[in-house]
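Worksheet: one structure, shown below.
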Amino acid sequence: MGNFKGHALPGSFFLLFGLWWSVKYPLKYACRKNKNACYLGSRAGFQRLEFVEGIIKAVFALIGMVAEQFVPDGPHLKLYNYEKKHWDHLMNWQHATMYLFYGISGLVDIVAHGTNALPAAMDRMMLSLAVFIEGFLFCYHLHGRAMLDVHVHQLLLFAIFGAAACIFLEVFFRGSIVLEMLRTSLCILQGSWFWQTSTICVTENHTLAAAWDICKRLALCFILQMGAQSGIRQIILI
């Protein structure tokens, strides 16, 4: 959905996970320092949290896929329109593909932390791949867009690919509080920027939308300023 709801929905998901991680990882670090004072300090306790996170992630992804496919103007599982002889709602299919990989990541979390069938590092590997696929789809999602729209989404790519690289490093340096908090910060940044993108480029307030188009050069400068301030806010928050 290339509208306000289509950007606000993933933005909300990323914000919820980022805010949860901002509580979870400092707590986990504190529990490591004093294992007797915290039940969750045990390996089993945090494995249960990872298992629950996997379920929530899979449910969020399913909600996103269903929303992309079955909105009134969605493809309804049809990839090709044989009547009009062209692909049907490819933007919705791209968004659904992004959610699909996050859903697979959630399932890997469930298997890796609920059974012994997969090594624990597979959860980070699959999450890194899901975030990378999101960025890859966004790279080819901007052709033919307005300059301001492209610029706003390009700033989003920095957070996406930064998070993908950070999570990939966690495969080899699992439990690093620095990487965990960096991932948390980038996740919150991505979620908040999704929301800002929805109000800038696909807002339902046509007066505001027209105001953004009055002077695109100044708008681009302001967008850069907003992006920098968003990064600073994440540093202060985390």
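The values are calculated or read from the model by the stated rules, or taken from the named source; none is laboratory data. Given the structure is predicted, the values throughout are model-derived calculations rather than measurements. Note that each Cβ is placed from the backbone with ideal geometry, even for glycine, and that neighbours are counted across all protein chains shown.
Scan region 151-185 for residues that are assigned to a loop (DSSP other than H, G, I, E, B) and of a type in the set (Gly, Ala, Ser) and the total you get is 2.
For the condition over 18 Å from ASP123 (Cα atoms), modelled with pLDDT of 85 or more and either touching a Gly at 6+ places or on another chain (Cβ under 7 Å) or not in a helix (DSSP H, G or I) (or both), what is the one hit in PRO26, PRO10? None of the others qualify; the one that does is PRO10.
Among the residues of region 72-85, those that are over 18 Å from LEU62 (Cα atoms) and either within 24 Å of the chain's Cα centre (by Cα) or assigned to a loop (DSSP other than H, G, I, E, B) (or both) comprise ASP73, LEU79, TYR82, GLU83, LYS84, LYS85. Of all residues in region 29-49, those that are in contact with a Lys or Arg (Cβ under 8 Å, 6 or more places away or on another chain) and at pLDDT below 85 total 4. Selection of region 70-97 for residues being in contact (Cβ under 8 Å) with a residue 40 or more places away in the chain and closer than 30 Å to LEU118 by Cα yields GLN94, HIS95, THR97. For region 66-103, a residue qualifies if it is crowded, with 18+ Cβ neighbours inside 10 Å and over 14 Å from LEU137 (Cβ atoms), and the qualifying residues are ALA67, GLN69, GLY74, PRO75, HIS89, GLY103. Taken as a whole, region 86-95 holds at least one residue that is farther than 25 Å from ALA165 by Cβ, outside any helix (DSSP H, G or I), more than 13 Å from the chain's Cα centre (by Cα) and hydrophobic (A, V, I, L, M, F, W, C). Go through the residues of region 138-147 one by one and say whether even a single one is part of a helix (DSSP H, G or I) and charged (D, E, K, R). Within region 138-147, not a single residue is part of a helix (DSSP H, G or I) and charged (D, E, K, R). Residues that are of a type in the set (D, E, K, R) and closer than 19 Å to GLU50 by Cα within region 80-112 comprise just one, ASP109.
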